[in-house]
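Enquirer: Have a look at this one.
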Amino acid sequence: MKRGFLVFLLAISLTLAMTSTALANGGPHGDYTATTDACAGCHRAHTATGQNLLIANNTYSLCMSCHGASGAGANTNVDDGYYLSSRDDSLANQDVGAANTPDNAALLGGGFTNYRGAAVTSTHDPTGTTNQAWGAGGVRGQLGTIDDTMDCASCHDPHGSANYRILKTTINGVSVTVSQVDETAKDYDTPHWPANMSNVCGACHDPYQHATNDTSSYTHAVDVTYSGTTSYTDGSGTTVSVPLAANNTLVCSTCHLAHGTSAHMEGYAADSNLPTGGDSALLREDNRGVCQACHQK
């Protein structure tokens, strides 16, 4: 009996150790104790109003109750694309980013409604109404159907993940690995992406993720090392940096913002099928200025 009991204790210990590792980036969303009150902050067993026993009508509304423009539970306002240290939420002292990120700094992922004080011109729709993505199904330049409608939980695991920034390990049915790179000194406005960051985008936009300049679809290479200068001064005297991932890797996030951007496309830069100043394809800079950041012509 004693031996069996010891084996049982060892099994439990290993399980807990593995759980702790799996939730390495859980932050306020993971590593709960058995009697935590945190579950009740999002779920109710008998009085829920949304799917998965959520206390909100949908996932987006629940996430925005903390991370939105009027939320009070998180310093990351992903609705407007700002880091608001002035909120000083109860978790700020646990979040090393609170010390590393200036108040009102623009978030790395952009914003769903506004970015840098202006309305977004393109965005990933997180409200649960969109179930298509460009390139889904393997055809570049065409919309394809993804597994489910998009919301915050399409890309992030609210309970915790071993991936960077609680990104899910499976997105759109595709296994995704995104290395941790900034858990010790996290900040929210300086690029600290892992070199495999593009794996997230590739889960839905597969034909755009090529390590070579694919001549079958003429798609710009990603997941490659950038060997040029990492910043330059443009014609107006502004210093423009190239937002690279670890090891000077060019990833999707070098050019695009994951949540939304307020960049405008005018003249030659505008898509002929869209109104002037319309959809900006989630690009960081006006008039596809991301090209100049690297090519500096």
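Enquirer: Any chance the range 143-154 includes a residue that's outside any loop (DSSP other than H, G, I, E, B) and at positive phi?
Expert: The answer is no, given that none of the residues of the range 143-154 is outside any loop (DSSP other than H, G, I, E, B) and at positive phi.
Enquirer: Identify, by number, the condition in (1) of a type outside the set (Lys, Arg); (2) closer than 16 Å to ARG165 by Cα; (3) at pLDDT 85 or above; (4) in contact with an Asp or Glu (Cβ under 7 Å, 6 or more places away or on another chain) that GLY97 doesn't meet.
Expert: GLY97 satisfies every listed condition except (3).
Enquirer: If you scan the range 48-79, which residues turn out to be touching a Leu at 6+ places or on another chain (Cβ under 9 Å) and part of a loop (DSSP other than H, G, I, E, B)?
Expert: ALA48, ILE55, ALA56, GLY73, ALA74, ASN75, VAL78
Enquirer: Could you figure out which of (1) buried (at least 19 other Cβ atoms within 10 Å of the Cβ); (2) at positive phi; (3) free of Cβ contacts under 8 Å to residues at least 40 places away in the same chain isn't true of VAL178?
Expert: Single failed check for VAL178: (2).
Enquirer: Do we find that VAL78 is of a type in the set (Val, Ile, Thr), within 20 Å of the chain's Cα centre (by Cα), at pLDDT 95 or above and within 23 Å of ASP189 (Cβ to Cβ) in this structure?
Expert: The answer is yes for VAL78.
Enquirer: How many residues does the range 214-270 contain that are assigned to a loop (DSSP other than H, G, I, E, B) and either over 21 Å from ASP182 (Cα atoms) or in contact (Cβ under 8 Å) with a residue 24 or more places away in the chain (or both)?
Expert: Looking only at that region, the number is 30.
The values are calculated or read from the model by the stated rules, or taken from the named source; none is laboratory data. Keep in mind that what you see is a predicted model, and the values were worked out from it rather than measured. Cβ atoms come from the backbone with ideal geometry, glycine included; neighbour counts cover every protein chain shown.
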